[in-house]
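> Quick one: the structure is below, and I'll ask about it shortly.
The values are calculated or read from the model by the stated rules, or taken from the named source; none is laboratory data. Keep in mind that what you see is a predicted model, and the values were worked out from it rather than measured. Cβ placement follows ideal geometry from the backbone for every residue including glycine, while neighbour counts extend to all protein chains displayed. Surface accessibility is based on the protein's heavy atoms, side chains included, excluding ligands, DNA and RNA. Shrake-Rupley method; radii C 1.70, N 1.55, O 1.52, S 1.80 Å.
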Amino acid sequence: MLVGILAIQGDYEAHGRVLEKLGAKVRFVRTPEQLDEVDALIIPGGESTTFLNFLVEHGFLEKLRAFVRAKPTFGTCAGAILLAKDVENPPQESLGAIDLAVRRNAYGRQNESFIIDVESKFGPLELVFIRAPKITRVGAGVEVLATEKDDPVLVRQGKVMAATFHPELSSSARVHEEFLKMARNGTK
Amino acid sequence: MSEKNGNTGLRLKTGLAEMLKGGVIMDVTDARQAEIAQKSGASAVMALERVPAQIRAEGGVARMASPKKIREIMETVSIPVMAKCRIGHFAEAQILQELGVDYIDESEVLTPADEAHHVDKHGFKTPFVCGARNLGEALRRIAEGAAMIRTKGEAGTGDVVHAVKHLREITGQMKGLTVLSEQELYAAAKELQAPYELVKMVAKEGKLPVPNFSAGGIATPADAALVRQLGAEAVFVGSGIFMKDSTNFCDPAEAERRARAIVRACTHFDDPKVLLEVSNDLAGAMKGLAVAAIAEGDLLQKRGW
């Protein structure tokens, strides 16, 4: 199994480090053609407007839309924004792969970034929030795996998982382990 | 601040730098330019009163940009906004933190406020980026709390030669450390004028403990690809996007074309096919100023201690 990481911009290397530590084979994806070579995909943190801008060119967005419907995909922070059905602050195009509404930069700016420990469906997790978005609506078919206060922060629907925080910057690889399990099963 | 909090702080600061990797941070002087930068795929903008080429041409004392102007830019774009303070000017840094910018650049482009000390950056919640010409300078800035290092290059020239020089210097010195014995590292630390613990860390990992970006004279997609291939994890582009020459802005449509081309070149830095394609569409770059023709005393990169 080959796990792709969308490497337009952002913390794709941080995801790569965690996956390789877990023994996964990793490929950075920078062109639509490279999507054909991978079995699962991570959309990393970074700037969602930068991602979108890049994807709109050369039919990348349509190809990615088809990929996330068919294969296991995990989006963190900007990746979660891209995977959501609806985006606010400001509204922008997205892949609509998971039935969520997401509000960008919902906690504020960098000075409001924080790290917190919570209990989750996967056990204790350390959550790293950087200029993070908030999930403001969760669709009926979406399973909430972790919350921070009352906000869902880790969710899953079918083959798609999304986190508003950065498990790739956490001291534990727990969330990536779960994604690799999902990816190996091909379905949830 | 407890040790855990200190560590948490640094992780959040370098964390935002991780998000900027592979991207382009663009200098902008107003909300309209910030909008063009965001639309073209910038991963962040640097809010300035004047771009380095203008500062160089006009002279005078260059200070922190007016908070009103920075705020206007912060309200216009959704991507991170950085701003510069003068070297050692911790009061300007306090103002920028209070304003809520996402990163502070303690920059040699502005006129230094202290001839011996840099800002003690540990005391700030807002992360700092600092320029460096060599490994010793980079490690001194990291010891003071910088969460990101960029090469200094020679800002405002459109001449990439010193960005390359500083990047090669830093990576070469890091490589050199990896083959030294533990004993030899003490002497290396003395020579680099850097803390031993940081020197030891670099010797072990072969890289800086914080992200390493490039700045100073990057003006074309090929320049961006060059510094990325030499190991820079992202690039800052200053005067190269919005300037026609040292004093005049170029046409906004031309600026947008340049910005888009440099963004694509930064992602596909190792794919000459894409680099050709994006270079093809450009009418030209800023006129520029050869670094070799600048008098030694006028070099901005010499500022910083």
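> For residues that are surrounded by fewer than 24 Cβ atoms within 10 Å (Cβ to Cβ) and not in a loop (DSSP other than H, G, I, E, B), scanning just the range B:39-59, find the one that is nearest to the other protein chains (Cβ to nearest Cβ). Steps first, answer last, please.
Looking only at the range B:39-59, we keep the residues that are surrounded by fewer than 24 Cβ atoms within 10 Å (Cβ to Cβ), and these are B:39-40, B:49-50, B:54-59.
The next check asks that each one be not in a loop (DSSP other than H, G, I, E, B); those that pass are B:39, B:54-58.
Working: B:LYS39: 7, B:GLN54: 26, B:ILE55: 26, B:ARG56: 29, B:ALA57: 31, B:GLU58: 31 Å.
Going through the qualifying residues, I end up with B:LYS39.
> What about B:GLU115, is it modelled with pLDDT of 95 or more and within 13 Å of another protein chain (Cβ to nearest Cβ)? Quick ask: steps written out before the conclusion?
Details: modelled with pLDDT of 95 or more: yes; within 13 Å of another protein chain (Cβ to nearest Cβ): no.
When the stated conditions are applied, B:GLU115 does not pass them.
> Would you check which residues across the range B:203-238 are under 16 Å from B:GLY288 (Cβ atoms), outside any helix (DSSP H, G or I) and out of contact with any strand residue (DSSP E or B) (no Cβ under 8 Å at 6 or more places or on another chain) and list them?
Listed by number, the residues that qualify are B:GLY217, B:THR220.
> Looking for something within 27 Å of B:LYS175 (Cβ to Cβ) and surrounded by fewer than 16 Cβ atoms within 10 Å (Cβ to Cβ) - is there at least one such residue anywhere in the range B:264-271?
yes
> Then there's this: For the range B:71-103, name all the residues that are assigned to a helix (DSSP H, G or I), β-branched (Val, Ile, Thr) and away from chain A (no Cβ under 12 Å).
B:ILE73, B:ILE95, listed by residue number.
> Continuing with this model, one more query. Give the residue, chosen from B:GLU197, B:GLU137, B:GLU184, B:GLU169, that is touching a Cys at 6+ places or on another chain (Cβ under 9 Å) and in a helix (DSSP H, G or I).
Answer to the check: B:GLU137.
Residue by residue, here is whether (1) within 13 Å of chain B (Cβ to nearest Cβ); (2) open to solvent by less than 10 Å² (accessible area, probe 1.4 Å); (3) touching a helix residue (DSSP H, G or I) at 6+ places or on another chain (Cβ under 7 Å); (4) β-branched (Val, Ile, Thr) holds:
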{"residue": "A:VAL29", "(1), (2), (3), (4)": "yes, yes, yes, yes"}
{"residue": "A:GLN34", "(1), (2), (3), (4)": "yes, no, no, no"}
{"residue": "A:GLU37", "(1), (2), (3), (4)": "no, no, no, no"}
{"residue": "A:LEU41", "(1), (2), (3), (4)": "no, yes, yes, no"}
{"residue": "A:GLY45", "(1), (2), (3), (4)": "yes, yes, yes, no"}
{"residue": "A:LEU55", "(1), (2), (3), (4)": "yes, yes, yes, no"}
{"residue": "A:HIS58", "(1), (2), (3), (4)": "yes, no, yes, no"}
{"residue": "A:GLU62", "(1), (2), (3), (4)": "no, no, no, no"}
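> Continuing with this model, one more query. Let me confirm something: among A:GLU126, A:GLU112, A:GLU88, which residue is open to solvent by 10 Å² or more (accessible area, probe 1.4 Å), in contact with a strand residue (DSSP E or B) (Cβ under 7 Å, 6 or more places away or on another chain) and within 30 Å of B:PHE124 (Cβ to Cβ)?
Being open to solvent by 10 Å² or more (accessible area, probe 1.4 Å), in contact with a strand residue (DSSP E or B) (Cβ under 7 Å, 6 or more places away or on another chain) and within 30 Å of B:PHE124 (Cβ to Cβ) holds for just one of A:GLU126, A:GLU112, A:GLU88, which is A:GLU126.
> Same structure again: Restricting attention to the range A:134-152, does a residue exist that is buried (at least 16 other Cβ atoms within 10 Å of the Cβ), within 13 Å of chain B (Cβ to nearest Cβ) and among the hydrophobic types (A, V, I, L, M, F, W, C)?
no
> Please specify each residue of the range B:112-138 satisfying the condition of being within 15 Å of B:THR14 (Cβ to Cβ), open to solvent by less than 10 Å² (accessible area, probe 1.4 Å) and in contact with a helix residue (DSSP H, G or I) (Cβ under 7 Å, 6 or more places away or on another chain).
Listed by number, the residues that qualify are B:THR126, B:PRO127, B:PHE128, B:CYS130, B:ALA138.
> Among A:ALA24, A:ALA97, A:ALA66, A:ALA80, which is open to solvent by less than 40 Å² (accessible area, probe 1.4 Å), under 23 Å from A:GLY139 (Cα atoms), more than 14 Å from chain B (Cβ to nearest Cβ) and not acidic (Asp, Glu)?
A:ALA97
> Being open to solvent by 20 Å² or more (accessible area, probe 1.4 Å), of a type in the set (A, V, I, L, M) and at pLDDT 95 or above is the requirement here; does A:VAL118 meet it?
yes
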